[in-house]
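The values are calculated or read from the model by the stated rules, or taken from the named source; none is laboratory data. Computed from a predicted structure; not experimentally measured. Ideal geometry is used to build each Cβ from the backbone, glycine not excepted, and the neighbour counts take in all protein chains shown. Side chains included, ligands, DNA and RNA excluded: accessible areas come from the protein's heavy atoms. Shrake-Rupley method; radii C 1.70, N 1.55, O 1.52, S 1.80 Å.
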Amino acid sequence: MVDIIHRVGIKAPIEKVYAAVATADGVAGWWTRETTGDSTRGGTMDVRFLTPAGDEIGAMTMKLVALEPDRRVQWRVLAGPAEWIGTDVTFDLTEDGDYTILLFGHRNWREAVEFTAHCSMKWATFMLSLRELVETGTGKPSPHDLKIDNWN
């Protein structure tokens, strides 16, 4: 199994970071504006990625497997790209001085392929979008995210 992991320090209270990764409204502020769903353990969250013109270029459904306030969020991917189905997306939070440390993981890929590299880079840009959202109030969710290649 292959894991994508990223660590980012966010200069904000842990409660604020948790809300940004544990709720559909929070996720819509940094990942994709087209985020809907239930923000309770066992619920599902749906995300859609659109071009600026409104054409869909991707969609996923995740089950909220773990919601541990101010500590951990875990999603299990139920639908989306074949490489993503059955993988887990994790957000582990700790405090260190003025920072909330977020250890992000997209775990249990079956193999490392070119799409893994693309997703790793995109996740990094979205972690910076998350930090920007929590620290300033404005993130860069899709469709206004940083474009890294011809796949997005």
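Given the condition in a strand (DSSP E or B), modelled with pLDDT under 95 and surrounded by 13 or more Cβ atoms within 10 Å (Cβ to Cβ), answer yes or no: does some residue in the range 51-73 qualify? Checked the range 51-73: at least one residue is in a strand (DSSP E or B), modelled with pLDDT under 95 and surrounded by 13 or more Cβ atoms within 10 Å (Cβ to Cβ).
Suppose we filter the range 93-122 for residues that are open to solvent by less than 50 Å² (accessible area, probe 1.4 Å), within 18 Å of Gln74 (Cα to Cα) and not aromatic (Phe, Trp, Tyr); how many remain? Number satisfying all stated conditions: 8. Exactly one residue out of Asp3, Asp70 is over 22 Å from Met121 (Cβ atoms) and touching a residue at least 12 places away in the same chain (Cβ under 8 Å): that is Asp70.
Gly139 falls short on exactly one of the conditions (1) crowded, with 17+ Cβ neighbours inside 10 Å; (2) within 12 Å of Ile10 (Cβ to Cβ); (3) out of contact with any helix residue (DSSP H, G or I) (no Cβ under 8 Å at 6 or more places or on another chain), and that condition is (3). Quick check: is even one residue across the range 87-99 among the small types (Gly, Ala, Ser), without any contact (Cβ under 8 Å) to a residue 60 or more places away in the chain and under 19 Å from Val134 (Cα atoms)? Yes, because at least one residue in the range 87-99 is among the small types (Gly, Ala, Ser), without any contact (Cβ under 8 Å) to a residue 60 or more places away in the chain and under 19 Å from Val134 (Cα atoms). Only one of the numbered conditions (1) surrounded by 14 or more Cβ atoms within 10 Å (Cβ to Cβ); (2) in contact (Cβ under 8 Å) with a residue 40 or more places away in the chain; (3) over 17 Å from Lys140 (Cα atoms) is violated by Ala28, and that is (3).
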